[in-house]
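To keep things clear, I will list the structure first and then write my remarks on it.
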Amino acid sequence: MDILVCGAQKPFMHGGAELLMENLTAALTAAGHNTELVRIPVAWEKDRIFDSPLAWRTTPVDADLVIALNFPSYFVQHPNKVVWLLHQHRGAYDAAEADWSDFGLDDYSIEMQRQLTEWDCRALSEATKLFTISDVVTARLAQFNGLQSRTLYHPPPLADRLAPGPFGDYVLSPTRLEQNKRPGRIVEALAHSGVRAVITGRGSLAEQLQERAKAISVDDRLELPGFVSDGDLVALFANALAVVYTPADEDYGYVTLQAFLAGKPVVTAADSGGVLEWVEDGVTGIVTDGSAEQMGAAFDKLAADKDWAARLGEAGRRKVIELNWETVVESLTS
Amino acid sequence: MIPTGRVVLGLSVGGPRPAELDHLIYAIGRQSVVVNMDGYTGRVDWMLVFRSPFRIPDGAPAAWYLANRADIEQVRRPSLILSGDQALLDACETTAPKVLITPSTVRYDDARPYAPYPRQRIRRARGLPSAVVGEVGAQRCVWDGHVVDPKFADTILITASAVISDQASVLLALGCGAPTVTDPATAEAIGARHDEHVRVGSDHQERQRLAAELADDMAAAARLSWAGRTLFEQVHSMPHLVARIENAITKPAGPAARISRVLAALGTPDDAPIRARAARLYNLPRSAGSAQTIGES
């Protein structure tokens, strides 16, 4: 079958969404389909928010099937359109109150939000099948657009390389160093714990995190190596005591699944969204209130009882070990 | 003299016309030029044919209207089949698209669907309660338990978390995307089903209870909001019926008409900034009143 995978392009950004697009395209190709990835740039400010949806709407797509992944690629028109939704434009929905959203409470913003909601309802209603990547996204779609969808989980990147290893003396957090990922919480938690922390990844907060670590005298237990290779990341997972991941209302969160595949428990926060679909307090990890005190205590508790940490990690591994791309491909193309 | 850019509908209509066909012709005439083909030899963009007394110009796409089974036998080279009776559409053997003429009694062109979240944001912006039940009826309007002037009916319909409507207001409520509670007779009259398009309560007390529940359940309210709006467009709205027919039978002439149609199909209001942006981005004409109008000038 000729399949076009459709995804938005935020120029100069490469994160989880881009990895998913690439991995889905590869999985469809591996299943014998003639598959290509189509991307159109998107702008997220409300004054330009409808430009890219209109471009998708008028772009010819000649294929047997199109699979649209995120805003605004699902505006593509095709009689056989399947949507596997990563996210909508969150700034107009669940994150409308966030600092970074420009959808305020003025009349213009509210009318743009209303129009976007209507456009989304129409474009998403056209789908012959409507999936999402997580229960969090499914719930948002129901709450904001009144549309029913089905959650379709997929394995994270490096799934075939991650494996359990010894329990070391550090907590690991592979993440972009940006506000919505809240890496600062880990730095603050170190002041209430005796463990080390390794936070990999790049972002605008790198310098600020280093300075804060110095200010509260935990810089000797914090490593910020920046970008690390896949091989190094696999090794860091394998040798960690635990993984800590406390983003703000995450859509899905590869880090959690990668941690479990490496047999590590996950320390998270009660407001971390999709992470909580996997982390069950005391079963596969520890769910804190996100405070430095509770997170620090969680680190120490795991360090003090590594057998318990191993049991949590193994329970997590059992939850995700069956995830595979074959099931995803079958669901999207059948 | 037919203005440039206006769509021209030619009529080849004979015999006593069914009322629904008259309503349809009248509605089409609000935005297109309608000409009777008796002696007319000018340009036509498409034809509406009922018992075909006049010649159909070569190349003009033709929509054939069926009022009974005998009409099926008269159909020749249809581009579209129309009928108020689904059984007649089913009986007509053709590959042409078929459009069911629904009751389509209302013209609420300005009714924009407000999902529950934009409603909530409007209330926040205005300093109103976070959840409010409204009531819009022939006898009275109620906002958050207080009887208010009927001039606030429209405001209630687009800002309340849930609305109790009667027969006089229910279609406008659905057009506005209001999560709606109504009585059994009204629901039956508009073809709305309980918990699919509206919630139905047998007495006022029950309707108030159902509305209060909806006001606290955004997912259920959002589902009813969109399903109710869809019912409004598919069954009760004359402009949407006309658009379905025109989209099925005519192809947009040129990029401006194509983008105009795309924007209209997404529900884009005439004053939406994207219309002006599209005109600029795609360097398209913006002749007001034209069928190819993209944006405000």
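The values are calculated or read from the model by the stated rules, or taken from the named source; none is laboratory data. Nothing here was measured: the structure is a model prediction, and the numbers come from that model. Neighbour counts are summed over all protein chains in view; Cβ atoms, including those assigned to glycine, are modelled from backbone coordinates with ideal geometry.
Considering only residues that are surrounded by 14 or more Cβ atoms within 10 Å (Cβ to Cβ) and outside any helix (DSSP H, G or I), which ones fall in segment A:203-215?
Step one: of segment A:203-215, the residues surrounded by 14 or more Cβ atoms within 10 Å (Cβ to Cβ) are A:203, A:205-206, A:208-210, A:212-213.
Matches in segment A:203-215: A:Gly203, A:Leu205.
Output the residues belonging to segment A:304-329 that are surrounded by 13 or more Cβ atoms within 10 Å (Cβ to Cβ) and among the basic types (Lys, Arg).
A:Lys306, A:Arg311, A:Arg317, A:Lys319
I'd like the full set of residues that are surrounded by 21 or more Cβ atoms within 10 Å (Cβ to Cβ) and either modelled with pLDDT under 95 or hydrophobic (A, V, I, L, M, F, W, C) (or both), limited to segment A:92-109. If you could, list the steps in order and put the result at the bottom.
Here is the first cut: in segment A:92-109, the residues surrounded by 21 or more Cβ atoms within 10 Å (Cβ to Cβ) are A:92-94, A:96, A:103.
Selection gives A:Ala92, A:Asp94, A:Ala96, A:Phe103.
Report the residue count in segment B:151-182 for those that are among the acidic types (Asp, Glu) and in contact with a helix residue (DSSP H, G or I) (Cβ under 7 Å, 6 or more places away or on another chain).
Of the residues in segment B:151-182, the ones among the acidic types (Asp, Glu) are B:154, B:166.
Right, trim to in contact with a helix residue (DSSP H, G or I) (Cβ under 7 Å, 6 or more places away or on another chain) and you get B:166.
Here the count works out to 1.
Considering segment A:160-200 alone, what residues qualify as being of a type in the set (A, V, I, L, M, F, W, C), in a loop (DSSP other than H, G, I, E, B) and within 18 Å of A:Gly226 (Cβ to Cβ)?
A:Leu177
When the residues of segment B:213-232 are filtered to those that are crowded, with 20+ Cβ neighbours inside 10 Å and charged (D, E, K, R), which remaining residue is nearest to B:Ser165 (Cα to Cα)?
B:Arg229
If I filter segment B:94-107 down to residues being modelled with pLDDT of 90 or more and hydroxyl-bearing (Ser, Thr, Tyr), which single residue comes out as surrounded by the most Cβ atoms within 10 Å (Cβ to Cβ)?
Within segment B:94-107, the first condition is being modelled with pLDDT of 90 or more, and the residues that meet it are B:94-101.
Subset that is hydroxyl-bearing (Ser, Thr, Tyr): B:94-95.
Working: B:Thr94: 15, B:Thr95: 5.
Of everything passing the filter in segment B:94-107, B:Thr94 is surrounded by the most Cβ atoms within 10 Å (Cβ to Cβ).
Kindly indicate whether any position in segment B:202-222 is within 13 Å of another protein chain (Cβ to nearest Cβ), touching a strand residue (DSSP E or B) at 6+ places or on another chain (Cβ under 7 Å) and more than 14 Å from B:Glu135 (Cβ to Cβ).
At the first step, the residues of segment B:202-222 found to be within 13 Å of another protein chain (Cβ to nearest Cβ) are B:214, B:216-222.
Now restrict to residues that are touching a strand residue (DSSP E or B) at 6+ places or on another chain (Cβ under 7 Å): B:214, B:221.
From what's left, more than 14 Å from B:Glu135 (Cβ to Cβ): B:221.
Yes.
Taking segment A:37-52 as the search range and keeping residues that are surrounded by 14 or more Cβ atoms within 10 Å (Cβ to Cβ) and touching a residue at least 40 places away in the same chain (Cβ under 8 Å), which one is farthest from A:Ala63 (Cα to Cα)?
A:Lys46
Looking at the structure I just gave you, is A:Glu314 modelled with pLDDT under 95 and over 23 Å from A:Arg202 (Cβ atoms)?
Working: modelled with pLDDT under 95: no; over 23 Å from A:Arg202 (Cβ atoms): yes.
Considered against the rule, which asks whether it is modelled with pLDDT under 95 and over 23 Å from A:Arg202 (Cβ atoms), A:Glu314 comes out as no.
Among the residues of segment A:117-136, what is the count of those that are within 7 Å of chain B (Cβ to nearest Cβ) and either in contact with a Leu (Cβ under 6 Å, 6 or more places away or on another chain) or of a type in the set (Lys, Arg) (or both)?
Result for segment A:117-136: 2.
A:Val42 versus (1) within 30 Å of A:Val275 (Cα to Cα); (2) touching a helix residue (DSSP H, G or I) at 6+ places or on another chain (Cβ under 6 Å); (3) within 13 Å of chain B (Cβ to nearest Cβ): which is the lone unmet condition?
A:Val42 satisfies all of (1) within 30 Å of A:Val275 (Cα to Cα); (2) touching a helix residue (DSSP H, G or I) at 6+ places or on another chain (Cβ under 6 Å); (3) within 13 Å of chain B (Cβ to nearest Cβ) except (3).
Do we find that A:Arg114 is at pLDDT 95 or above, surrounded by 21 or more Cβ atoms within 10 Å (Cβ to Cβ) and within 8 Å of chain B (Cβ to nearest Cβ) in this structure?
The answer is yes for A:Arg114.
What is the number of the single condition among (1) within 13 Å of another protein chain (Cβ to nearest Cβ); (2) surrounded by fewer than 16 Cβ atoms within 10 Å (Cβ to Cβ) that B:Ala185 does not meet?
(1)
If we scan segment A:53-63, do we find a residue that is hydrophobic (A, V, I, L, M, F, W, C) and within 19 Å of A:Asp251 (Cβ to Cβ)?
No, that holds for no residue.
Any chance you could count how many residues in segment B:186-206 are within 16 Å of B:Leu174 (Cα to Cα) and in a helix (DSSP H, G or I)?
Step one: filter segment B:186-206 for residues within 16 Å of B:Leu174 (Cα to Cα), giving B:186-200.
Checking the rest, the ones that are also in a helix (DSSP H, G or I) come to B:186-190.
Number of matching residues: 5.
Could you tell me which residue of segment A:228-240 is surrounded by the most Cβ atoms within 10 Å (Cβ to Cβ), considering only residues that are outside any loop (DSSP other than H, G, I, E, B) and in contact with a strand residue (DSSP E or B) (Cβ under 9 Å, 6 or more places away or on another chain)?
Filtering segment A:228-240 for residues that are outside any loop (DSSP other than H, G, I, E, B) and in contact with a strand residue (DSSP E or B) (Cβ under 9 Å, 6 or more places away or on another chain), the one surrounded by the most Cβ atoms within 10 Å (Cβ to Cβ) comes out as A:Phe237.
Could you check A:Ala139 against (1) out of contact with any Leu (no Cβ under 7 Å at 6 or more places or on another chain); (2) buried (at least 21 other Cβ atoms within 10 Å of the Cβ); (3) within 14 Å of chain B (Cβ to nearest Cβ) and say which number it fails?
It fails just one condition, (2).
How about segment B:89-131: which of its residues are within 14 Å of chain A (Cβ to nearest Cβ) and on the phi > 0 side of the Ramachandran plot?
Scanning segment B:89-131 gives a single hit, B:Gly127.
Scanning for something closer than 30 Å to A:Cys121 by Cβ, among the hydroxyl-bearing types (Ser, Thr, Tyr), touching a Gly at 6+ places or on another chain (Cβ under 6 Å) and touching a residue at least 24 places away in the same chain (Cβ under 8 Å), does segment B:29-43 turn up at least one residue?
Within segment B:29-43, not a single residue is closer than 30 Å to A:Cys121 by Cβ, among the hydroxyl-bearing types (Ser, Thr, Tyr), touching a Gly at 6+ places or on another chain (Cβ under 6 Å) and touching a residue at least 24 places away in the same chain (Cβ under 8 Å).
Residues of segment B:131-163 being β-branched (Val, Ile, Thr) and over 27 Å from A:Gln115 (Cβ atoms), which ones?
Passing the criteria: B:Val142, B:Val147, B:Val148.
For B:Ala173, state whether it is in contact with a Lys or Arg (Cβ under 8 Å, 6 or more places away or on another chain), more than 14 Å from chain A (Cβ to nearest Cβ), surrounded by 19 or more Cβ atoms within 10 Å (Cβ to Cβ) and of a type in the set (A, V, I, L, M, F, W, C). Lay out the reasoning, then the answer.
Working: in contact with a Lys or Arg (Cβ under 8 Å, 6 or more places away or on another chain): no; more than 14 Å from chain A (Cβ to nearest Cβ): yes; surrounded by 19 or more Cβ atoms within 10 Å (Cβ to Cβ): yes; of a type in the set (A, V, I, L, M, F, W, C): yes.
The answer is no for B:Ala173.
For A:Gly16, work out the one condition from (1) out of contact with any helix residue (DSSP H, G or I) (no Cβ under 6 Å at 6 or more places or on another chain); (2) within 21 Å of A:Leu141 (Cβ to Cβ); (3) more than 14 Å from chain B (Cβ to nearest Cβ) it doesn't fulfil.
If we test A:Gly16 against (1) out of contact with any helix residue (DSSP H, G or I) (no Cβ under 6 Å at 6 or more places or on another chain); (2) within 21 Å of A:Leu141 (Cβ to Cβ); (3) more than 14 Å from chain B (Cβ to nearest Cβ), just (1) comes out false.
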